[in-house]
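I have placed the structure first, in the form of structure tokens, so that the comments after it can refer back to it.
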Amino acid sequence: MDLHILQDFEIKVENGVELTRIITSDMTLYPNVHYIVTHGCYVAPDVTLTIMPGTIIKIKEDAIFQVDPAAKLICVGTPEQPITFTKTDLD
């Protein structure tokens, strides 16, 4: 006997650049790119992360964005182009 079950479902997709779990080399984030942190992101020691004015970083609800005390974080926004950390579109 063939059994077929029909059920509606919804797929949610967010397109962008996923920031890796561990950033191990110097990196610059730019405002014209959609950045997503889905599983957590850690900037390793001796790594420089530069975030340009106007950049938006979207972080999933349960994810953590962490910078090691021995890493260097350069992020200076402006009133016209703030740097924004916010939740992902799917949360």
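The values are calculated or read from the model by the stated rules, or taken from the named source; none is laboratory data. Since the model is a prediction, treat every value here as computed from it, not as a measurement. When we count neighbours, we look across all protein chains shown, and the Cβ atoms used for this are built from the backbone with ideal geometry, even at glycine. Ligands, DNA and RNA are excluded from the accessible area calculation, which covers all protein heavy atoms including side chains. Shrake-Rupley method; radii C 1.70, N 1.55, O 1.52, S 1.80 Å.
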By how many nm would the segment from Asp89 to Thr50 grow when fully extended, if each residue of separation counts as 0.36 nm and the alpha-carbon distance is taken off? 11.7 nm
Just give me a number: lysine pairs in the chain, eight or more positions apart or cross-chain, with C-alpha atoms less than 18 Å apart. 5
Of His39, His4, which has the most accessible area and how do the rest follow, probe 1.4 Å? His4, His39
SASA check, Thr50, accessible area w/ 1.4 Å probe, all protein chains in place, rounded to nearest 10 Å², comes out at 30
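Solvent-accessible area per residue for segment 32-91 at a 1.4 Å probe radius, Å²? Working shown, then result.
Numbers: 3510 Å² over 60 residues.
On a per-residue basis, 58 Å².
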Be a star and scan segment 28-45 for residues whose amide nitrogen sits under 11 Å from the point 7 Å along the Cα-to-Cβ vector of Ala70. 44-45
As a Kirkwood estimate from alpha-carbon pairs, the chain has a hydrodynamic radius in angstrom of 14.7
What percent do you get for the relative contact order of the chain when only Cα pairs under 8 Å and 6+ apart count? 27
